[in-house]
Amino acid sequence: MFDFIKNKRWFFLGSTLVIILGFVFLVLLGPPLGIDFTGGTIMEVKFDQPASLEQLQAKLTDLGHPEAVIQEHLGENSFTIRLKTLAEGEQAKVTKALEGLGLSGTPSFDFVSNPVAREKAQGAAIAVVIASIGILLYISFAFRKLPSPFRYGVCAVIALVHDALVVIAFFALLGRYLNLEINLMFITGLLTVIGYSVNDTVVVFDRIRENLGKYSGQKFEAIINSSLIETLGRSLNTSLTTLIVLVAIFLFVGPAIRSFILALLIGIVSGTYSSIFIAAPLLVVWERGELGQFFRRLRPAAGH
């Protein structure tokens, strides 16, 4: 029987290295922020003849706008295009290029200013914080009949923060190479990942709660390990079936929701990992008082 608890330091170390590496890239290269957070131009275009996302993307890339995010309005032969702020004269240049695809009328141009972008970034951060607090309170209440129920809530929140950081780290690592952006679709994906991560963690914690009642005479870490083994198959099967669908969507979907799908792909893998290898082992670390020992070791070193 595999001992998850005995090997917990390797799991913690692996996650820490991925997150640190991601933030090194984040500092060196800067976050791959999209128009939603930096400001830019939003175009609304309509065509007299059928036009495809691929045609529009190729045309805009030729014009020097590979960052363009295009969203199709199904059944209307019209599109919303998000670009970096267009310099003077570029609007006419883009319009003329799209006329070759059968542009109908004159496109409308709207601008997202930096203050509006900052408000969206702040709103996204507040949404994540509120979601985390709500989850902490909910799980603490749901496990109130167990000793120290607050620990379960804190460990679940640490796991979801871990997943959010892993997703951000991967976007920092791959953003420049895959032309990915941190935009509102990314934030939507991140919030979805948080929900998925918590759901997986609650499944594991529920089994721990059941086994604590059944095997009250056993050591806490032994019950945690048995619970992880019992839920491992279910967690992996659920994640695998979800990933198969997401991979299919990612391969055939347009760029408009690619950030959303990729955030889900990374987040579901990380969420499954964190529920088993991070959240539950953290309960053991807390139960044993190992967190306190760690900080007591740091204190003399800091004083020295």
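The values are calculated or read from the model by the stated rules, or taken from the named source; none is laboratory data. Values in this document were obtained by computation on a predicted structure and should not be read as measured data. No Cβ is skipped: glycine too gets one built from the backbone with ideal geometry, and neighbour counts run over all protein chains shown. These area figures cover heavy atoms from the full protein model, side chains too; ligands, DNA and RNA do not enter into them. Shrake-Rupley method; radii C 1.70, N 1.55, O 1.52, S 1.80 Å.
Structural remarks
- Of the listed requirements (1) within 30 Å of Thr272 (Cα to Cα); (2) charged (D, E, K, R); (3) open to solvent by less than 80 Å² (accessible area, probe 1.4 Å), Arg144 misses just one: (3).
Each row is one residue, and each column tells you yes or no for (1) at pLDDT 80 or above; (2) over 20 Å from Leu190 (Cβ atoms).
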position: Pro32; (1), (2): no, no
position: Asp36; (1), (2): no, no
position: Thr80; (1), (2): yes, yes
position: Ile126; (1), (2): yes, no
position: Ile133; (1), (2): yes, no
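- Whichever residue in region 1-11 is part of a helix (DSSP H, G or I) and in contact with a helix residue (DSSP H, G or I) (Cβ under 7 Å, 6 or more places away or on another chain) and, among such residues, is modelled with the highest pLDDT: Phe11
- Phe23 meets all of the listed conditions (1) open to solvent by less than 30 Å² (accessible area, probe 1.4 Å); (2) modelled with pLDDT of 80 or more; (3) closer than 29 Å to Asp163 by Cα but one, namely (1).
- Complete set of residues in region 71-109 that are more than 25 Å from Val253 (Cβ to Cβ) and either open to solvent by 70 Å² or more (accessible area, probe 1.4 Å) or in a strand (DSSP E or B) (or both): Thr85, Glu88, Lys93, Lys96, Glu99, Thr106, Ser108, Phe109
- Odd one out for Gln218, checked against (1) among the polar types (S, T, N, Q); (2) out of contact with any Asp or Glu (no Cβ under 7 Å at 6 or more places or on another chain); (3) open to solvent by less than 20 Å² (accessible area, probe 1.4 Å): (3)
- Test: residue in region 64-82 that is hydroxyl-bearing (Ser, Thr, Tyr), within 24 Å of Ser259 (Cβ to Cβ) and touching a strand residue (DSSP E or B) at 6+ places or on another chain (Cβ under 7 Å): yes
- Which numbered condition Gln49 fails, given (1) open to solvent by 10 Å² or more (accessible area, probe 1.4 Å); (2) of a type outside the set (Val, Ile, Thr); (3) closer than 22 Å to Asp110 by Cα: (3)
- Test result for Gly34, surrounded by fewer than 13 Cβ atoms within 10 Å (Cβ to Cβ) and either in contact with a Cys (Cβ under 9 Å, 6 or more places away or on another chain) or of a type outside the set (S, T, N, Q) (or both): no
- Candidate set: region 58-69, residues that are closer than 12 Å to Arg82 by Cβ and outside any loop (DSSP other than H, G, I, E, B); chosen: the one least open to solvent (accessible area, probe 1.4 Å): Leu60
- Residue selected from region 20-49 under the condition free of Cβ contacts under 8 Å to residues at least 60 places away in the same chain and not in a strand (DSSP E or B), by the criterion nearest to Glu67 (Cα to Cα): Gly30
- In a residue-by-residue description of region 154-172, the property of being among the aromatic types (Phe, Trp, Tyr), in a helix (DSSP H, G or I) and without any contact (Cβ under 8 Å) to a residue 24 or more places away in the chain applies to no position.
- Of Ile208, Ile168, Ile139, Ile224, all but one fail to be farther than 30 Å from Val112 by Cβ, open to solvent by less than 50 Å² (accessible area, probe 1.4 Å) and either touching a Gly at 6+ places or on another chain (Cβ under 7 Å) or charged (D, E, K, R) (or both); the exception is Ile139.
- Yes/no for Lys93 being charged (D, E, K, R), touching a strand residue (DSSP E or B) at 6+ places or on another chain (Cβ under 6 Å) and touching a residue at least 12 places away in the same chain (Cβ under 8 Å): no
- Test: residue in region 256-274 that is at pLDDT below 85, hydrophobic (A, V, I, L, M, F, W, C) and not in a helix (DSSP H, G or I): no
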